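Below is one structure; the comments refer to it alone.
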Amino acid sequence: MKQDQQQTPRRRDIVRAGLAGAFAVAAPFTISPAALAQPAFPSKPMKIIVPFAPGTGSDVIARTFGQKIGEDTGQVVVVENREGGGGIVGTMAAMQAAPDGHTLLMVANPFTIVAATSLKPPYDPLKDFVPVAKVAIVPIVLTIANALNIGTIQELIAYAKANPGKLNYASSGQGTPSQLEMEIFKQAMGLDIVEIPYKSTAQAMTDVIGGQVSMYPSAMPLCLPHVRAGKVKALGVFDSQRSAQLPDVPHLAEALGQPNYVATPLWYGFVTRAGLPKDVGVRLHELAVKAMSSKEVIDRLTPLGAHPISPSNEQFIKEMQAEIDKASKLSKTLGFAK
């Protein structure tokens with residue numbers, strides 16, 4: 001999943017929902033308690049700001065989500081790409097929206113990582129925004145060049161220890177999930193593997209296939225066809241469980257034989273500006289959970305290696321705080337701490 005860091009003119013696409021049932025006749029003089037309790041939301045068209053380019057994982061999930069929300073509410077949902085600055089451009093645009101829940105921000109790991117590793121972060125992810133829902137997880141897969149003839153994580157560790165500094169890995173750059181997860185793995189195992197930052201995830205995968213770089217912790221949608229075609233090997237999944245798309249590949253804790261090893265996959269969710277009325281927040285979360293549990297959304301995202309999730313927002317906050325702490329701690333070791 002590419003994450004274009006260059007700002008481009010914003011792109012707007014409209015996901016229009018059908019209005020079937022809009023003119024249904026209500027029973028006269030009767031209003032149920034449930035109807036009285038339900039907030040009049042959404043009361044106007046909604047907008048989802050995606051802080052990355054069209055075609056990225058965030059974009060695909062946001063459009064799939066937006067289409068379903070539109071169908072369920074009868075409102076128009078606009079998906080607007082505002083890429084640039086590692087997600088900062090779109091995030092700052094979302095901060096200017098009214099705190100009424102009609103503008104959502106699509107967020108992923110960089111939402112917390114940027115705040116944890118920047119010298120002067122322009123936003124606080126837990127104070128300037130409130131969660132709507134964490135909706136999907138996409139595993140990171142440690143892929144390795146076939147030319148190395150390494151078939152397991154344990155073989156990789158043994159080779160790296162016997163040949164310090166000889167192996168290298170492609171990353172998507174400073175503060176990205178691929179870098180952070182790989183550096184944590186290196187530290188935990190005591191390995192000397194050289195980082196090679198790439199601007200293009202596609203080029204990074206091409207170079208692993210060609211053997212120009214040893215390995216790449218890649219988002220599953222990018223590497224999956226190459227793994228299935230036998231062009232690269234998948235050693236482990238950065239997640240707490242195996243993926244249905246690669247059922248024979250162990251997750252990292254399993255491959256290492258360390259049950260307490262915590263690997264963080266790519267995650268995706270929605271937040272909105274702080275100050276949201278509580279009843280609107282509850283309604284938004286309900287809409288999000290309903291959308292992400294629908295057959296249409298599951299069928300669209302599963303082939304990409306994504307699996308929809310629906311933790312409580314309290315759990316979502318805890319997980320974001322844990323990732324902030326994790327990234328902040330590692331950034332000091334890597335030399336780009338606050």
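Tabulated values for the structure
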| item | result |
| --- | --- |
| Total residues in segment 290-302, condition surrounded by fewer than 18 Cβ atoms within 10 Å (Cβ to Cβ) and either in contact (Cβ under 8 Å) with a residue 40 or more places away in the chain or not in a helix (DSSP H, G or I) (or both) | 5 |
| Out of ALA40, ALA93, sole residue that is in contact with a strand residue (DSSP E or B) (Cβ under 7 Å, 6 or more places away or on another chain), over 16 Å from VAL132 (Cα atoms), surrounded by fewer than 20 Cβ atoms within 10 Å (Cβ to Cβ) and without any contact (Cβ under 8 Å) to a residue 60 or more places away in the chain | ALA93 |
| Of the criteria (1) modelled with pLDDT of 95 or more; (2) in contact with a Phe, Trp or Tyr (Cβ under 7 Å, 6 or more places away or on another chain); (3) outside any loop (DSSP other than H, G, I, E, B); (4) under 18 Å from ALA255 (Cβ atoms), which one GLU181 fails | (1) |
| Top-ranked residue of segment 259-275 - restricted to ones that are outside any strand (DSSP E or B) and modelled with pLDDT of 95 or more, ranked as farthest from the chain's Cα centre (by Cα) | GLY275 |
| Candidates LYS47, LYS120, LYS68, LYS134, filtered to the one that is surrounded by fewer than 17 Cβ atoms within 10 Å (Cβ to Cβ) and either at pLDDT 95 or above or of a type in the set (D, E, K, R) (or both) | LYS120 |
| Segment 161-170, residues that are outside any helix (DSSP H, G or I) and touching a Leu at 6+ places or on another chain (Cβ under 9 Å) | PRO164, LEU167, TYR169 |
| Residue under evaluation ALA115, criteria (1) under 25 Å from the mean Cα position of the chain (by Cα); (2) more than 24 Å from PRO197 (Cα to Cα), criterion not met | (2) |
| Test: residue in segment 139-150 that is free of Cβ contacts under 8 Å to residues at least 12 places away in the same chain and within 26 Å of HIS251 (Cβ to Cβ) | yes |
| Lone qualifier among ALA158, ALA147, ALA115 - being under 18 Å from GLY90 (Cβ atoms) and assigned to a helix (DSSP H, G or I) | ALA115 |
| Criterion: surrounded by fewer than 19 Cβ atoms within 10 Å (Cβ to Cβ), in the same structural domain as ASN109 (by TED's automatic domain parsing) and touching a residue at least 12 places away in the same chain (Cβ under 8 Å) - qualifying residue of ALA274, ALA188 | ALA274 |
| Qualifying residue in segment 100-109 (condition: at pLDDT below 95 and among the polar types (S, T, N, Q)) | yes |
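The values are calculated or read from the model by the stated rules, or taken from the named source; none is laboratory data. This one's a predicted model, so the numbers in the text were calculated from it and none came from an experiment. Positions of Cβ are generated from backbone atoms using ideal geometry, with glycine treated the same way; all protein chains shown enter the neighbour counts.
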